[in-house]
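Read through the structure below, which is laid out as structure tokens, and then see the notes.
The values are calculated or read from the model by the stated rules, or taken from the named source; none is laboratory data. Just so we're clear, the structure is a prediction, and the values are computed from it rather than from any experiment. As a convention, Cβ positions derive from the backbone with ideal geometry for all residues, glycine included, and neighbour counts pool all protein chains shown. We work out accessible area using only protein heavy atoms, side chains counted, and drop any ligands, DNA or RNA first. Shrake-Rupley method; radii C 1.70, N 1.55, O 1.52, S 1.80 Å.
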Amino acid sequence: MPFDASLTDFVESLRDQVAREAAHARQHITRIWAPRLQARLAVGHAISGAKVHSVSGKWVHLEVGDHDALFREGDFLFWTEAGEPNKEPRVELVLESDQGSRFVCRIRSGRSYLTPGADGILDYGYFDMSDFLNQALNQALSTSRGRDKILPLLNKKSQKPTKCDIVLDGEARAFASLKGFNEAQTDALALAWSTDLAALVQGPPGTGKTAVLSRLAELAASKGKRVLVTGLTHRGIDNAMNAIHRNAPQLNIARIGAPTSGGAIPNWESFEDCPWADSSEGFVLGATPFCLQSGRLKGVDFDYALFDEASQVHLPLAILGMLGAERWVFFGDHKQLPPVLPTVPSEERTRSSIFGYLEDRDFGVMLDTTYRLCDRLCEWPSSEMYNDELRSHPVVANKRLDVQTAPGLMGAILDPAEPLVHVEVHEPGSTSVSNTEAKIVVGILEAALRAGVPAVELAVVTPFRRQNRAIRTLLRSRLGPKAESIAVDTVERMQGQERE
């Protein structure tokens, strides 16, 4: 097809965005590293006395003792002996598990510097992803898939209409019926399976977005298709992969990337390590888009790429993932959290995600029945964000917490008859942390535990890392090991999870 020059302009605008975000990230980490160690410790930007407990393969256990650091799982960290993170030698880590006084970290580089008993300083780390993203943008312009399919899809002026195969549509509807799907879920599965190009599945909370994704992957792999499950975070990808594995453990399924610390799904460092890599059977692989540019998945071509939480995947990252597949299905919800892009104006961030960018096209389906939210909890998001189209399924509409409450304030807060409760807390001068509020929150959690709610069904969502730290620290002092089962995190980390 004739090449549209406007596509070059579009790619250049994305290059500018990548450059702005990279420059902002470098400036931000430079500001964090600039103060002396004591000042970094005081504001939670470092931990001193991070002692190497053990090293095994690409994993290190660090004893960090009591600390006030704001680090959380998924953060890039640098470990140095001198406390100078901007200088070599240093060890680059990813914090995989925060166990209070111990961190379990994945080693990205510098393993030779880690010896059991060695003391060091942990600082925020930095990983520049702009090279990967720019390579993908170059490929979008230089490859036929990029020029003829991806960029025209993203450019409304030259958009090719998507087409659906009526035979595949019927096949998907029959499969959905066997799995007990409702009407909207069936429509979503049919569209995703039969499209020749792209589909969007909008999934408000509890509507079965992951169920549709997992069944689509199952259907595709059982028909000999090669399926990539991808997204912004390892946690999101793992949640989707675990659902697929539960539904169809017989499939060829694997997670691709650095070794994990366990799990039912096999983990391989690259595709060629998979025992069925040379077979003609279908399979499902879970990996970040960056694996397509590295040696882990380079050269592997997929029939379908399924993007989980696509409303948080910005356009350059989406293009990187799209280059690896013939068809793309985006699961997300543009009414929820957009990508975290500091250089993009807040009013434009929804459109900066692949889901938000495409949400006004004619190849999307909204899942409209929530199996998670009771009627009272469904009312507000339905009216404010979903045009009164979101409804509770009859099975959960009248559901309330099954708890035994005691008289008094906590009994009123946990009253099963009131699913939505507002507790107003006054602490003048508090900004990103409120110790008064933390004490009340922990008190509510303790009351919920006494009332019979399992710890694994409790979650706390806060807007600030400092508040996370205050709540987690107090929880650990009050509950001990049981505190680790309670989820405490910020909005972007909690999105996609569910607790009772």
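Taking 19 Å as the limit for the C-alpha separation, the pairs Lys223/Lys298; Lys179/Lys209; Lys179/Lys223 exceed it in the case of Lys223/Lys298.
Can you compute the helix-only [θ] at 222 nm over the chain? Use -39500 (n - 2.57) per DSSP H run of at least 4 residues, normalise by all residues, nearest 500 deg cm²/dmol.
Working: 16 runs with 173 residues, N = 500.
Value at 222 nm, helices only: -10500 deg cm²/dmol.
What is the magnitude of the charge dipole of the stretch 211-302 about its Cα centre, with +1 placed on the Cβ of each Lys and Arg, -1 on the Cβ of each Asp and Glu, and no other charges, expressed in debye to the nearest 20?
Working: 9 positive and 8 negative charges, 64 e Å.
With only Lys, Arg, Asp and Glu charged at Cβ, the dipole is about 300 debye.
Distances between every pair of Cα atoms in the stretch 1-65, grouped in 10 Å steps from 0 to the bin holding the largest one, split as 17, 21, 24, 18, 12, 8, 0 percent.
How big is the shadow of the Cα convex hull of the stretch 51-94, averaged over all directions, in nm²?
Mean orientational projected area (the stretch 51-94, Cα hull): 3.7 nm².
Taking one quarter of the surface of the C-alpha convex hull of the stretch 368-416 gives a mean projected area of 3.9 nm².
In the stretch 200-284, which chymotrypsin sites (Phe, Trp or Tyr not before Pro) are in a loop and have at most 12 other Cβ atoms within 10 Å, using DSSP for the loop call? Please list the in-between numbers first.
Details: sites: Trp268, Phe271, Trp276, Phe283; in loops: Trp276.
Here the chymotrypsin sites (Phe, Trp or Tyr not before Pro) that fit, given the DSSP loop and packing criteria, are Trp276.
Across q = 0.12 Å⁻¹, the stretch 83-174 modelled as identical point scatterers on its alpha-carbon atoms has Debye log10 I(q)/I(0) values of -0.70, in the order of the q list.
Within the stretch 400-500, which trypsin sites (Lys or Arg not before Pro) sit in a loop by DSSP and count at most 14 neighbouring Cβ atoms inside 10 Å? Mind showing how you got there, number by number?
Details: sites: Arg400, Lys439, Arg450, Arg465, Arg466, Arg469, Arg472, Arg476, Arg478, Lys482, Arg493, Arg499; in loops: Arg400, Arg499.
Qualifying residues, ordered by number: Arg400.
How big is D for the stretch 245-293, in µm² s⁻¹ as a whole number, if Stokes-Einstein is applied with the Kirkwood radius of its Cα pairs at 25 °C and 0.890 mPa s?
Values: Rh = 11.5 Å.
Once the numbers are plugged in, D ends up at 214 µm²/s.
Short to long, the 10 Å bins of the Cα pair-distance histogram for the stretch 411-500 hold 15, 50, 32, 2 percent of all pairs.
Its Cα gyration tensor gives the stretch 211-364 an equivalent ellipsoid, and the semi-axes of that ellipsoid, as √(5λ) in whole Å with the largest first, are 26, 16, 14. In a DSSP loop and with at most 10 other Cβ atoms within 10 Å, there are no trypsin sites (Lys or Arg not before Pro) in the stretch 347-382. Converting the Cα gyration tensor eigenvalues of the stretch 5-129 into ellipsoid dimensions via √(5λ) gives semi-axes, longest first, of 31, 17, 13 Å.
Listed by chain and number, the lysines whose C-alpha is less than 28 Å from the C-alpha of Lys87, apart from same-chain residues fewer than 8 away, are Lys51, Lys58.
If only the Cβ of Lys and Arg carry +1 and only the Cβ of Asp and Glu carry -1, the dipole of the chain around its Cα centre is close to 760 debye. Extending 7 Å from Cα along the Cβ direction at Ala19 and again at Ala397 yields two label points whose distance is 5.6 nm.
For the pair the stretch 309-357 / the stretch 463-478, the C-alpha centres are spaced 31 Å from each other. Across all Cα pairs in the chain, the calculated P(r) in 20 Å bins from zero up to the longest distance comes to 21, 54, 25, 0 percent per bin. Think of the chain as having a plus end and a minus end, set by charges on the Cβ of Lys, Arg, Asp and Glu; of His245, Ala140, Ser56, Ser56 sits farthest toward the positive end of this dipole.
Given +1 at the Cβ of Lys and Arg, -1 at the Cβ of Asp and Glu and no other charges, the dipole of the stretch 401-500 around its Cα centre is 580 debye to the nearest 20.
For Lys439, a cut-off of 20 angstrom between C-alpha atoms picks up these aspartates and glutamates, skipping any fewer than 8 places away in its own chain: Asp66, Asp68, Asp415, Glu424, Glu427, Glu457, Glu484, Asp489. By accessible area, using a 1.4 Å probe on protein heavy atoms only, the stretch 229-372 has 46% of its surface on carbon and sulfur. Stokes-Einstein at 20 °C, 1.002 mPa s, Kirkwood radius from Cα pairs: D for the stretch 148-298 in µm² s⁻¹? D, rounded to a whole number, is 130 µm²/s. Counting 0.36 nm for each residue step from Asn247 to Glu446 and taking away their Cα separation leaves a gain of 68.2 nm.
Once the 1.4 Å probe is applied to the protein heavy atoms, the stretch 247-340 comes out at 34 Å² accessible per residue. Size descriptors for the stretch 225-271: radius of gyration and Dmax over Cα atoms are 10.2, 29 Å.
Ligands, DNA and RNA aside, His393 has an accessible area near 50 Å² when probed at 1.4 Å.
Need one number: convex hull volume per residue for the stretch 96-142, Cα atoms only, in Å³. Let's see the in-between values first.
Working: hull volume 5.4 nm³, N = 47.
In the stretch 96-142, the Cα convex hull volume per residue is 115 Å³.
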